[in-house]
Every structure is written in C-alpha cells, then in structure tokens.
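To start, the structure itself, in structure tokens.
The values are calculated or read from the model by the stated rules, or taken from the named source; none is laboratory data. All figures in this text were calculated on a predicted structure; none of them were measured in a lab. Cβ sites come from the backbone with ideal geometry, for glycine too, and all protein chains shown count toward neighbours.
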Amino acid sequence: MRASVCLKDIAAKAGVSTTLVSYVLNNQKVDRINKLTAQKIRDTAKQLNYSANQLARGLKTNKTFTIGLIVSDISNPFSANLARIIEDEAEKYQYTTIFGSSDEDIGKFEKLVNTMVNRKVDGLIISPPSGSETIINNLLQQHIPFVLLDRYFPSIKTNYVALDNYAASFNAVNHLISAGRKRIGMITYDSDLFHLQERKRGYIAALEKSNIAFEKKWLKLVGIGHDRPGIEKAVHKLLSTDPRIDAVLFGSNKIATCSLKLINSLSVKVPSDLAVISFDHTEMLDLFYSPVTYVEQPLEEIGQFAIKNLLENMKDPAAITGTILKAKLIVQQSTGGLIL
C-alpha cells in the first residue's frame, strides 16, 4: 500500500520549510510569501499527488471545509456559470462547494438552508427568493456566516454581492433611445425582489429623463420561473400596441429566449421593426439571426467577491460587506449595432 504524502515530503522536495508549505497549502499569509516559491510548492504537491486530510483538518480546526451554495435555478446559464466560478474560487482556499436550487420556492429554499446548516457547512452563499426575510434574519441570529448573491434586502444588514441593476437597466434603455427608439417596452418578472424592482425603476427613469412619457401598457409583468404562456402573451400584447412599440428590454435571458422564439415566427424583423436587449446572455441567443445586444454581468468578480466576503465573515462575524458591481452593455445587431 502506497504511503500517503505529508507536508514534510513536499518541503523536502521543494527545498523549503514544512511551515512554509503549510502556509501555502492552507492559503495563510499569502501576501508575505514569494509568488514563485508558493507556485513551486503547489506544483510539488501536485507532482507528489498530495491530498489534504480534510477529516484531520476538521477535527483540528472544528471546520468541515464546505460551503453551501443555493441559487434560484442551476439550469439557468447565469446561475450555472456563476456556480462554477464560485466552486473554482472556493477550491483555491481548499473548500468544497455543495449546490442546491430553490426554484424560487420559499419552502424548498428553507429546507435547503436547514439541510446545509445541519450538515455543518462553514458558510453559505445564497440567492434568496421573494419572502425569505425571516429565514435570512434567523441565519443572522444563529451567527451563521453567509453572503447574499445577486439579490439582497436593503432593510437587512447583511453581506451581499450584487449588480447595480438600476444603472444597468437605465443604460440599456438609454442606448435604445440613442438609437432612435421612442416606444420602448419591457417584459420582466412580477416580483418584489429588490434587484428586479431596480431594473424596472431604471427602465422608467431612462424614459422620463429623455422626456418620453412612460405608458403602463409598455411594461409587462410575467410569473417568475417558467411562465412561457405568460411571456408569449406579453409579447403579443406589446406587439399589438397602437402605435406598436419599436424596442423592448427583456428582464432576463429566459424571458429573452422565449420571446425571441415567438418573435421569430411572426412578421417582425429585428432590428428594423423591433430593437431588442436581453438582461444577461445565453448561448441560445447566439442562434437568433440578429445577434442580441445584452447586459453583461461581471460573473468573475461576483464569484470572487462572494468567496472573499464569506471568508472574511467566517474570520470576523462583525465583518459585514455590501458589494455593488457595474454591468457592461454588449452592443450587437439587435439594436442596430455592429457584430462584435
């Protein structure tokens, strides 16, 4: 039976001290260690097939080295890509990530939170559904480290990483106005979640700033989740306005994908008849004949800050950090722009 590799073996092969190997492999004092030396130690550990004994580490530190991640829907490209980034980022600090999807269901969300807490995860990164304020407050009362992801509640002081959804929506609509569009619709989710309210607020504010009178019939709300009938109905209603809208902002990539499938079957040409922008991107949108302009969220930064803020909260329960990041508008043919 092959003997397991220990820190002393790595130190001997790399020509450094065992203490230094421990610091590097446990991501301690990283700002004080030469980067080339740290990389040499990691490479040596990999060559020797070193595997940290998590059970032994857990008994010594009273940690499980696991993080619970709860998203709304892991099948959504936005959630899936973000989950992968968080998983890779957590791995850098030797944490394993456990996943779960709430499906925007408060009961399922609470069950997932309780399950992960009972399994003694060291911290949580969660995208809370509407109406979950009580659950969030319970986590605070239990002093469980957590970070809210993509969504947060302004009335509750918590760690969170989110997008400036107001500015992202405002800039998207402003781009449509700059392209000469005057009757701009929006299809978004019927939800009291703050980030969705901010997208709607940014949409209306951009119209008003350009002296375009907002009309209620331009804003269509659909059920959050898998409301294909509601989305198709909203598209038909927007396209039947008199005069008809000449642009539309879709509040999510799912809404955009469903809407464009229907638009593609109608006698409506993008962008000549209708300019469109999607909030978030998905590969499905690349199949549309007119490359879609979209709001790009900085997923790498969101994932990195989520892990960073969580680790800080684990060390210091009083460390509360709210991080707001900026989106980027990727302009393509669906709004009259050039293919990038």
Quiz item: Does Ile245 count as surrounded by fewer than 20 Cβ atoms within 10 Å (Cβ to Cβ) and assigned to a loop (DSSP other than H, G, I, E, B)?
Solution: no
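Taking only the stretch 302-340 into account, find how many residues are closer than 30 Å to Gln141 by Cβ and out of contact with any Gly (no Cβ under 6 Å at 6 or more places or on another chain).
Start the filter on the stretch 302-340 by keeping residues that are closer than 30 Å to Gln141 by Cβ, which leaves 302-325.
If we keep only those that are out of contact with any Gly (no Cβ under 6 Å at 6 or more places or on another chain) as well, we get 302-309, 311-313, 315-325.
Residues that pass the stated criteria total 22.
Out of curiosity, is Thr66 touching a Lys or Arg at 6+ places or on another chain (Cβ under 8 Å) and at pLDDT 90 or above? Don't jump to the end; show me each part of the working.
Values: touching a Lys or Arg at 6+ places or on another chain (Cβ under 8 Å): yes; at pLDDT 90 or above: yes.
Answer is yes for this residue.
Restricting to the stretch 255-279, what's the tally of residues that are assigned to a loop (DSSP other than H, G, I, E, B), touching a residue at least 24 places away in the same chain (Cβ under 8 Å) and farther than 17 Å from Ala172 by Cα? Spell out the reasoning first.
Initial filter on the stretch 255-279 (assigned to a loop (DSSP other than H, G, I, E, B)): 266-274.
Now restrict to residues that are touching a residue at least 24 places away in the same chain (Cβ under 8 Å): 266, 268, 270-271, 273-274.
Those left that are additionally farther than 17 Å from Ala172 by Cα: 266, 268, 273.
So the answer is 3.
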Quiz prompt | Count - residues of the stretch 181-227 that are out of contact with any Gly (no Cβ under 8 Å at 6 or more places or on another chain) and farther than 24 Å from Pro154 by Cα | solution = 18
Self-check item: Residue, surrounded by the fewest Cβ atoms within 10 Å (Cβ to Cβ), within the stretch 103-128, restricted to residues that are modelled with pLDDT under 95 and in contact with an Asp or Glu (Cβ under 8 Å, 6 or more places away or on another chain)
Solution: Asp103
Self-check item: Among (1) within 24 Å of Val331 (Cβ to Cβ); (2) in contact (Cβ under 8 Å) with a residue 40 or more places away in the chain, the one test that Thr241 misses
Solution: (1)
Self-check item: Identity of the residue in the stretch 88-97, of a type outside the set (S, T, N, Q) and surrounded by fewer than 18 Cβ atoms within 10 Å (Cβ to Cβ), that ends up modelled with the highest pLDDT
Solution: Asp88
Quiz item: Looking at (1) free of Cβ contacts under 8 Å to residues at least 60 places away in the same chain; (2) over 24 Å from the mean Cα position of the chain (by Cα), which is the one condition that is false for Asp227?
Solution: (2)
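Table: residues versus (1) in the same structural domain as Asn174 (by TED's automatic domain parsing); (2) buried (at least 20 other Cβ atoms within 10 Å of the Cβ).
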position: Val276; (1), (2): yes, yes
position: Ala306; (1), (2): no, yes
position: Lys315; (1), (2): no, no
position: Ala319; (1), (2): no, no
